[in-house]
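Engineer: One structure, as structure tokens, below. Some questions next.
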Amino acid sequence: MRRWLAILGVFLGVVLSGQITLLAPARAQQPAAAYKIHSDLSARSPDGKTTVEQYAKDDPGGGYLWQFRARRGDKQTLLAPGEADYPAGFRFTADSRWLVRMQKTGAGESTLYLYRLDAQGFVAATKKPLGELAWDYFASRPETKKIGMPDYHIAAGLVKGTDDNYRWMGVTWPDSRYLVITLSGEVERAGRQKPTPTIYGWHCRYDLRNGTFDVPAEFAANNAKALAPPDAR
């Protein structure tokens, strides 16, 4: 009993002296020494308070491995997933509270990741990549029954316009409310030397407030062209 009381006394003494590590403010771990920053690829939010930095290290198998970190004041967050084979593009919404990562994943393929700003900094806003969610939405639509789902060169991208709420498209949507996503992909056909393009630049809209997808009437002409045979585009 005396031994435990002595240990408790030491513990309380450390707490009262402010020396216990658990009570110290949490700090994000810095990149490993092998990772070197590529400052030319950094992106800054419209309010100037957040900077996304890209770090790379040599990959033993060839090429590089990349990490992406968002710094805002004294907070730093590692943008998941933590490693990628390619650098990425980043765009903020006009209010600086949402961040989209445009990530190449292979030859002719790409996806999107969405992050939101909270008390800890920028964190993942969806459980699955936003690009995968957009394809899931496409799969739920009647167009899929006619065209089929791509299985080659699958790409999800972000249409430019987050900085001015897509005014160039002639819309008057609420500020920093929507993202416009573009999908492209091909279906491999047996007996053909080249894949047959099936989708090229099909657009859908993602509602940041509600986490839902839709296709506004303004997209009708673009989407009809995106699903047309290649020689009719």
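Engineer: Please get the size of the charge dipole for the range 53-111, origin at its Cα centre, with Cβ charges of +1 on Lys and Arg and -1 on Asp and Glu, quoted in debye to the nearest 20. Let's see the in-between values first.
Structural biologist: Details: 9 positive and 8 negative charges, 71 e Å.
Charge dipole of the range 53-111: 340 debye, to the nearest 20.
Engineer: LYS36: which lysines have alpha carbons under 30 Å from its alpha carbon, excluding same-chain residues fewer than 8 sequence positions away?
Structural biologist: Here the lysines satisfying the reach criterion relative to LYS36 are LYS49, LYS57, LYS75, LYS104, LYS127, LYS128, LYS160.
Engineer: Given charges of +1 on the Cβ of Lys and Arg and -1 on the Cβ of Asp and Glu, with all other atoms neutral, how large is the dipole of the range 127-233 about its Cα centre, in debye to the nearest 20?
Structural biologist: Values: 15 positive and 13 negative charges, 42 e Å.
With Lys and Arg at +1 and Asp and Glu at -1, about 200 debye.
Engineer: Label points 7 Å out from Cα along the Cβ direction at SER140 and GLN120: separation in nm?
Structural biologist: 2.7 nm
Engineer: How many angstrom lie between the C-alpha centres of the range 75-108 and the range 114-169?
Structural biologist: Between the Cα centre of the range 75-108 and that of the range 114-169, the gap is 13 Å.
Engineer: I've got another one for you. Using a Förster radius of 22 Å, what is the FRET efficiency between THR172 and THR212 based on their Cβ-Cβ separation? Nearest 0.05, please.
Structural biologist: So, using R0 = 22 Å, E works out to roughly 0.65.
Each reported figure results from applying straightforward, stated rules to the coordinates on display, with no laboratory input. Keep in mind that this is a model prediction, so the values were computed, not measured. All Cβ positions, glycine included, derive from the backbone under ideal geometry; neighbour counts span all protein chains shown.
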